[in-house]
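The structure appears right after this line, and notes come after that.
None of the figures in this text is laboratory data; all of them are computed from the coordinates on show. As the structure is a prediction and not an experimental result, all values here were calculated from the model. Every residue, glycine among them, receives a Cβ derived from its backbone with ideal geometry; neighbour counts consider all protein chains shown.
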Amino acid sequence: MNIAIIGTGHMASGLAKQFALAGHRVMLGSRHPAQASLPASTPSSVAVLAIPQALQSAEVVFLAVPFAAVGDVIQAAGPWDGKIVVDITNPLTPDFMELSRGFTTSAAEEIARLIPGARVVKAFNTVFAQVLDQGPDFGSERVSVFYAGDDESANQCIADLIASTGFKPVYAGGLKNARYLEPLAALTIQLAYALGHGTQIAPAFLERPSASS
Ligand SMILES: NC(=O)c1ccc[n+]([C@@H]2O[C@H](COP(=O)([O-])OP(=O)(O)OC[C@H]3O[C@@H](n4cnc5c(N)ncnc54)[C@H](OP(=O)(O)O)[C@@H]3O)[C@@H](O)[C@H]2O)c1
């Protein structure tokens, strides 16, 4: 799959590493591609391009920028029609400890309204960059990646993409349920930083095999 990731920061480099290791073609989009500096562990196949070039041949575009920067990115690049856009953002307050959206809307729904031609899926927002970097295995468990979206084929595409990396895709319903995924990330941030568990943690979805019988 051809994947563009806008951003070259912690999440962008973690996603790029996992997707490239899974055999996908990954292009990072940056405002300053010549100055981008990626971790040494980034596979050499990962390219860094200007944002419009990164987008050009991508079927799936990840927005790995702060929520406040998404509007700029959408203005600066495109066309977005028909693309699957994955919103990984958490709409955090400047101190990173609270959400600035909730109850009646979410970052994902606001992004979908900004790019009506795109099929927006929320995913990866509950996974720390440090977890992405280390990979999907937590002992005998795999890290859950919750995804939510309104377009069935886009949801399936992202579920397959998540599974291709070894992470565990967990369907979380329509895009409106980003209203619950964003607070789940906020709880994870509290556990990591306010309650001292550090960033090698992740919320998991567990289901007994007999639960549906
Ligand atoms: N870090 C985590 O563990 C984590 C976990 C889940 C979700 N998230 C979400 O993932 C997103 C990225 O987080 P991060 O930790 O990777 O941040 P980061 O390391 O600070 O990287 C942010 C990236 O966004 C780019 N950027 C900022 N403003 C931009 C603009 N106006 N136009 C284009 N690019 C712009 C930056 O580019 P420059 O280098 O050119 O400034 C940088 O490459 C955030 O929305 C965050 O809430 C983060």
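Name the shape class, rounded, prolate or oblate, that the alpha-carbon gyration tensor gives for segment 1-138, where a ≥ b ≥ c are the square roots of its eigenvalues, rounded holds for a/c under 1.5, and otherwise prolate holds if a/b is larger than b/c and oblate otherwise.
Since a/c reaches 1.5 but b/c is at least a/b, the shape of segment 1-138 is classed as oblate.
Could you please state, rounded to a whole Å, how far the C-alpha centre of segment 71-107 is from the C-alpha centre of segment 117-177?
Taking the Cα centre of segment 117-177 as reference, the centre of segment 71-107 is 16 Å away.
How much of the DSSP bridge set in segment 73-213 is antiparallel, in percent, rounded to the nearest 5?
45 percent
Compare Tyr171, Tyr147, Tyr193 in a GNM of the chain, Cα atoms joined below 10 Å, and give the one with the largest fluctuation.
Largest GNM mean-square fluctuation: Tyr193.
Toward the positive end of the charge dipole of the chain, about the Cα centre and with charges on Cβ (Lys, Arg +1; Asp, Glu -1), which of Ile115, Leu175, Ala47 goes farthest?
It is Ala47, whose Cα lies furthest towards the positive end.
Just to verify a number: FRET efficiency for Asp150 and Ala34, C-beta to C-beta distance, R0 = 25 Å, to 0.05?
Calculated value: 0.10.
Please work out whether segment 64-213 counts as rounded, prolate or oblate from its C-alpha gyration tensor, where a ≥ b ≥ c are the square roots of the eigenvalues and a/c under 1.5 means rounded, while otherwise a/b larger than b/c means prolate and anything else oblate?
oblate
Rank-order 25-33, 124-132, 41-49 by packing density, defined as the average count of other C-beta atoms within 10 Å over each peptide's residues, highest first.
Per-residue mean Cβ counts within 10 Å order the peptides as 124-132, 25-33, 41-49.
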